[in-house]
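In what follows, a structure is listed as structure tokens, so that the remarks can point back to it.
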Amino acid sequence: MFRRNIDKVRVNVTHKILTVSNLLSLSRIVIAFFIIGVHQNQGTSALFWALVLIGILTDYLDGLAARLLNQISELGKALDPVSDKAMALILFIYAVWLGLIPMWFLGLAIFRDICIMAGSLYIRTRRGKVAMSVVSGKVFVNLLALYWVVVIAWPHQKNWHYILLIASVTLMLHSSYDYAIRFRQILKGAEFN
């Protein structure tokens, strides 16, 4: 039976809903639609790159704001990865529609995310709180963003697309394994934030 906190450090988690960090997380979903609209009308313009940068920054700033403002919340722990997944889903559907990313990759990513969300919901039901994301999951989201940016900005660089596709699948599998291990530890009684 686990007694140590698998997050390595204990944090104060609130039940606040309206927080700066939660608004930053939600903004990513809206930004995804603007990125697509700008890309369709202007290609990879300065506005396109500014929106991509804002989308990426909000992923870092939401967690930083939560920690600095002492606003780590149960909702935020769920909203951050859900916003990541929603933004990625929107942008990757667009890239598949353009024929730049294979449909099987999108399907695999969706399957992985459904499994993670189902596990998270199960933990929430059993333990009464949401488990935080694993580090490899955050790294995977960043690699996914890089993959998307490269295929959209440089659609003819097929060698780079292939390298990033292989790297993304590899990290996807690794982070899925990490989530499975974390899920198992929590079910065995490990403490977590």
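The values are calculated or read from the model by the stated rules, or taken from the named source; none is laboratory data. Owing to the predicted nature of the structure, the values given are computational and were not obtained by experimental measurement. Cβ atoms come from the backbone with ideal geometry, glycine included; neighbour counts cover every protein chain shown.
Structure summary
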| quantity | calculated |
| --- | --- |
| In the stretch 160-193, residue farthest from the chain's Cα centre (by Cα) [restricted to those that are surrounded by fewer than 18 Cβ atoms within 10 Å (Cβ to Cβ) and among the basic types (Lys, Arg)] | LYS188 |
| The listed residue being of a type in the set (A, V, I, L, M), within 26 Å of THR58 (Cβ to Cβ) and in contact (Cβ under 8 Å) with a residue 24 or more places away in the chain, out of LEU187, LEU106, LEU100 | LEU100 |
| Some residue of the stretch 63-82 being touching a strand residue (DSSP E or B) at 6+ places or on another chain (Cβ under 9 Å) and β-branched (Val, Ile, Thr) | yes |
| Residue among LEU18, LEU64, LEU68, LEU24 that is at pLDDT 80 or above, at negative phi and in contact with a helix residue (DSSP H, G or I) (Cβ under 7 Å, 6 or more places away or on another chain) | LEU24 |
| Residue satisfying condition, being of a type in the set (A, V, I, L, M, F, W, C) and within 25 Å of ILE101 (Cα to Cα), within set ALA190, ALA167, ALA180 | ALA167 |
| Exclusive hit being of a type in the set (A, V, I, L, M, F, W, C), out of contact with any Lys or Arg (no Cβ under 9 Å at 6 or more places or on another chain), surrounded by fewer than 17 Cβ atoms within 10 Å (Cβ to Cβ) and touching a residue at least 40 places away in the same chain (Cβ under 8 Å), set LEU89, LEU69, LEU53 | LEU69 |
| Filter result (part of a helix (DSSP H, G or I) and more than 19 Å from the chain's Cα centre (by Cα)) within the stretch 123-141 | THR125, ARG126, ARG127 |
| Residue match in the stretch 147-163 (condition: on the phi < 0 side of the Ramachandran plot, among the polar types (S, T, N, Q) and not in a helix (DSSP H, G or I)) | yes |
| Qualifying residue in the stretch 75-85 (condition: free of Cβ contacts under 8 Å to residues at least 24 places away in the same chain and assigned to a helix (DSSP H, G or I)) | no |
| Criterion (in contact with a strand residue (DSSP E or B) (Cβ under 9 Å, 6 or more places away or on another chain), polar (S, T, N, Q) and either over 14 Å from LEU144 (Cβ atoms) or not in a helix (DSSP H, G or I) (or both)) met by exactly one of ASN22, ASN41 | ASN22 |
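One line per residue, one yes/no per condition, for (1) in contact with a Leu (Cβ under 7 Å, 6 or more places away or on another chain); (2) loosely packed, with under 14 Cβ neighbours inside 10 Å:
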site: LYS85; (1), (2): no, no
site: TRP97; (1), (2): no, yes
site: PRO102; (1), (2): no, yes
site: GLY137; (1), (2): no, no
site: PHE140; (1), (2): yes, no
site: LYS158; (1), (2): no, yes
